[in-house]
Amino acid sequence: MRNQPIYDIAEICARKGITQAVLCPGSRCAPLTLAFTRHPKIQCRTFSDERSAGFVALGIAQQTKQAVVLVSTSGTAAYNFAPAVAEACFSETPLVVITADRPAEWIAQHDGQTIYQQELYGKHVKKYYTLPQHTDHHDDQWHINRVINEAINLANAQPKGPVHVNAPFREPFYPDTKETFEYSQSVRIIDEHYSAHFPQALKEKLALALSGKRRILVVAGQHDENPALTDVLQATATNLPVITSVLSNLHNLKKGIRYADSILSKIPAETEVELKPDLLISFGKSVISKNLKLFLRKFTDLEHWHIQPYATATDPFQHLSKIIIAEPTSFFEFLNNTRLALSIPYAENWRAEENRIIQLHKNYFPQSQISELDLVSRVLAKLPAGCNLHLANSMSVRYAELIGLQPHQQVTVYSNRGTSGIDGCTSTAIGHCLTSDALHVLITGDLAFFYDRNAFWHNYPMGNLRIVLLNNHGGIIFKLIDGPAGLPEADEYFVTRQPLTAKNICAEFGFDYLPVASAKSLPTLLDDFFKPDSTTKVLELESGIDLNKQVFENYKQILTQRHEA
């Protein structure tokens, strides 16, 4: 059994908790394909478009909270995983990417389907490994076993992320028709145990540092849903302003500050002074709000602590002074039990500004004419409890951030905000819905939707997928941001106007197509859209860029006037 060590890769993966594999078709990867598809404890799915497949694997890993194996044949097929690998890197999602390859001596020899696959994904993987070209010697078998164990351990170690294993194979790739194989029962497993320890000595040191802080601001970045953390932060938010976002999955926090981006939009100088913290405590990953980042960066005397369960930290606010290696839940339990000399008016100032935005929304929505912003507000308000909300990049996630979710809504939110690209938003959402019975709702723009249309090119039912398509026939964001909006080249080279609708795609793939005709028909249409059945549904709003720009600018204008009322 020449390929027994390769077949045993699947056995190692299964014993280390991997239950999902995404496979792309090809001959060079046949030993790997057979190893995974024949394993009784690993569910395999195949996707012909490698770029889409990479994002599907990303979505599966996010949904299952487990590493996922991603397999390709040699050549440019492997290169097409790169966007998803980069997203996995910055979103800290564990992927074990295994690419089949030609033997080393045949690279750059005018032989078919060969490229330089060594270090293919550069710094976007935690580590690159090459399997030995021979498998018949004991040392080769030991090497393969060690590499696969180490790769899976590293993918799951904090911060989680992708690893790349390149596997050169010689022909023949396929077993004889009468040949069968079994997985080795004595396969070696190397486990790695992790703990983020928050020692008592550090707690005592931090308690002393907190003693002089009166204006403490907590900021939550992008974060997975964590009910235990939410429960702890309920007590924190009673005394401190805790800024959340739609992607921090803390919308059930009853006293959280959900509208920081709107609050900080062109606020008066005196209000800015009232909201200035002397200590910023942050946790989680990226923060969407540009206004929040600019607000925090401008204070040269601001002290910033970041809480995370591993050592390396980023400095997005340019004031980082302490990296506290701890789980956020443990840290905020400590903070809640620490005697603080807080300024009571400070938290009240933030809550007063939050209430202004809440009242503004009550007066502003819904509108008589359906715009993208208004449609998103109606969709978010009707999300069924227990569903997953997926937000494509560009305006979709920005609209949702402006509108927010309410404390009573039991919704989990996902978005590809590691690299913030539009290229795999649909495929990632599909990865989620293939491994979850919950309803999955994707809000996306037309460029992201059509760019990733191969996300639908597979053989798996998606009756639990709902797509809200905001089709303004171009990239509206380039009409809203400073710079390109006024240029004569804007429409062709930035907005990139396009004439497509989702009607033909829905017909091609057998989806229900629900076009939004009017504001009057929308309530009935949304009822149909969210009704559970076995069919994928696409709700499409076709609207002009100029209308959406006007509505968005009107909203911003009302924000600037809220202190004048």
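Can you list the trypsin sites (Lys or Arg not before Pro) in the stretch 290-349 that are in a DSSP coil and have 13 or fewer other beta carbons within 10 angstrom? Can you show the working numbers first?
Details: sites: K290, K293, R297, K298, K322, R339; in loops: K298, R339.
In loop regions of the stretch 290-349 (DSSP not H, G, I, E or B), the sparsely surrounded trypsin sites (Lys or Arg not before Pro) are K298, R339.
If R₀ is 45 angstrom, what is the calculated FRET efficiency for the pair L525 and S27, using the beta carbon separation as r and rounding to 0.05? Show your work: numbers first, answer last.
Values: r = 47 Å, r/R0 = 1.05.
About 0.40, to the nearest 0.05.
Between D224 and Q410, with labels modelled 7 Å along Cα→Cβ, what's the label distance in nm to one decimal, could you check?
2.0
Pull out the extension gain between A438 and D136, defined as 0.36 nm times the separation in residues minus the alpha carbon to alpha carbon distance; nm, one decimal. Numbers along the way, then the final one.
On the way: separation 302, 0.36 × 302 = 108.72 nm, distance 4.64 nm.
Using 0.36 nm per residue and subtracting the Cα-Cα distance, I get 104.1 nm.
Please sort by residue number the trypsin sites (Lys or Arg not before Pro) in the stretch 141-176 whose DSSP state is loop and whose Cβ has at most 15 other Cβ atoms within 10 Å.
Working: sites: R146, K160, R170; in loops: K160, R170.
The qualifying sites are R170.
Modelling each spin label as a point 7 Å along the Cα-to-Cβ direction, I'd like the I115/A507 distance in nm, to one decimal.
My value for the distance between the label points is 3.6 nm.
With Kirkwood radius over Cα pairs in Å as the read-out, I listed (1) 25.5; (2) 24.7; (3) 26.8; which label goes with the value calculated from this structure?
(1)
Rounded, prolate or oblate: which one fits the stretch 4-168, using the alpha carbon gyration tensor with axes a ≥ b ≥ c (rounded when a/c is under 1.5, else prolate when a/b beats b/c, else oblate)? All intermediate terms of the calculation are to be shown ahead of the outcome.
Details: a/c = 1.39, a/b = 1.15, b/c = 1.20.
The shape class here is rounded.
By the gyration tensor of its Cα atoms, with a ≥ b ≥ c the square roots of the eigenvalues, what is the shape of the stretch 502-560: rounded for a/c under 1.5, prolate for a/b over b/c, or oblate?
Numbers: a/c = 3.04, a/b = 2.03, b/c = 1.50.
In terms of gyration-tensor shape, prolate.
Could you work out the helix-only [θ] at 222 nm for the chain, with each DSSP H run of four or more residues adding -39,500 (n - 2.57) and the total divided by the number of residues, to the nearest 500 deg cm²/dmol? Kindly include the intermediate steps, with their values, before the conclusion.
On the way: 21 runs with 213 residues, N = 565.
That comes out to -11000 deg cm²/dmol.
Excluding residues fewer than 8 places away in the same chain, name every one of the aspartates and glutamates whose C-alpha is closer than 20 Å to that of K65.
Answer for K65, where 20 Å is the Cα cut-off: E11, E87, E92, E150, D191, E192, D224, E225, E327, D437, listed by chain and number.
Any chance you could check the Cα centroid distance between the stretch 134-195 and the stretch 478-552 for me, in angstrom?
46
Identify, among S415, G463, L383, the residue whose Cα sits farthest towards the positive end of the charge dipole of the stretch 369-561, taking +1 on the Cβ of Lys and Arg and -1 on the Cβ of Asp and Glu, with the dipole about the Cα centre.
L383
For a quick check of your reading of the filter: which trypsin sites (Lys or Arg not before Pro) in the stretch 353-448 sit in a DSSP loop and have no more than 15 other Cβ atoms within 10 Å?
Details: sites: R356, K362, R378, K382, R398, R417; in loops: K382, R417.
Within the stretch 353-448, the qualifying trypsin sites (Lys or Arg not before Pro) (loop, at most 15 other Cβ atoms within 10 Å) are K382.
Please work out whether the stretch 115-197 counts as rounded, prolate or oblate from its C-alpha gyration tensor, where a ≥ b ≥ c are the square roots of the eigenvalues and a/c under 1.5 means rounded, while otherwise a/b larger than b/c means prolate and anything else oblate? Kindly include the intermediate steps, with their values, before the conclusion.
Values: a/c = 2.49, a/b = 1.43, b/c = 1.74.
Note, shape of the stretch 115-197 comes out oblate.
Hey, fewest Cβ within 10 Å first, where do T114, T177 land in order?
On the way: T114 18, T177 5.
So the residues, fewest neighbours to most, are T177, T114.
Once you place label points 7 Å from the Cα toward the Cβ at E92 and D301, how far apart are they in nm?
3.2
Compute the long axis of helix 82-91 from its Cα atoms, compare it with the longest principal axis of the Cα atoms of the chain, and write down the angle in degrees, 0 to 90, nearest 10.
Once rounded, the angle reads 50 degrees.
Give me the distance between the Cα centres of the stretch 1-80 and the stretch 308-360, rounded to whole Å.
41
Just report the Cα centroid separation between the stretch 258-303 and the stretch 82-104, whole Å.
A separation of 35 Å, based on Cα centres.
Arrange Y121, Y513 by Cβ neighbour counts within 10 Å, fewest through most, would you? Before the final figure, lay out the partial values.
Details: Y121 22, Y513 16.
Lowest count first: Y513, Y121.
For the stretch 200-358, give the magnitude of the charge dipole about the Cα centre (Cβ charges: +1 Lys/Arg, -1 Asp/Glu; no others), in debye to the nearest 20.
On the way: 19 positive and 17 negative charges, 41 e Å.
Dipole about the Cα centre, nearest 20: 200 debye.
Provide the net charge surrounding I324, with neighbours chosen by a C-beta distance below 15 Å and charges set as Lys +1, Arg +1, Asp -1, Glu -1.
Working: positive: K203, K205, K213, K322; negative: E204, E303, D315, E327, E333.
Net local charge, I324 excluded: -1.
Could you list Y310, Y116 so that the one with the fewest beta carbons within 10 Å of its beta carbon is first and the one with the most is last?
Values: Y310 14, Y116 10.
By the 10 Å Cβ count, ascending, the order reads Y116, Y310.
Bear in mind that the values in this text are calculations on the coordinates, not laboratory data. Small disclaimer: the values here were computed from a predicted structure and weren't measured. Cβ sites come from the backbone with ideal geometry, for glycine too, and all protein chains shown count toward neighbours.
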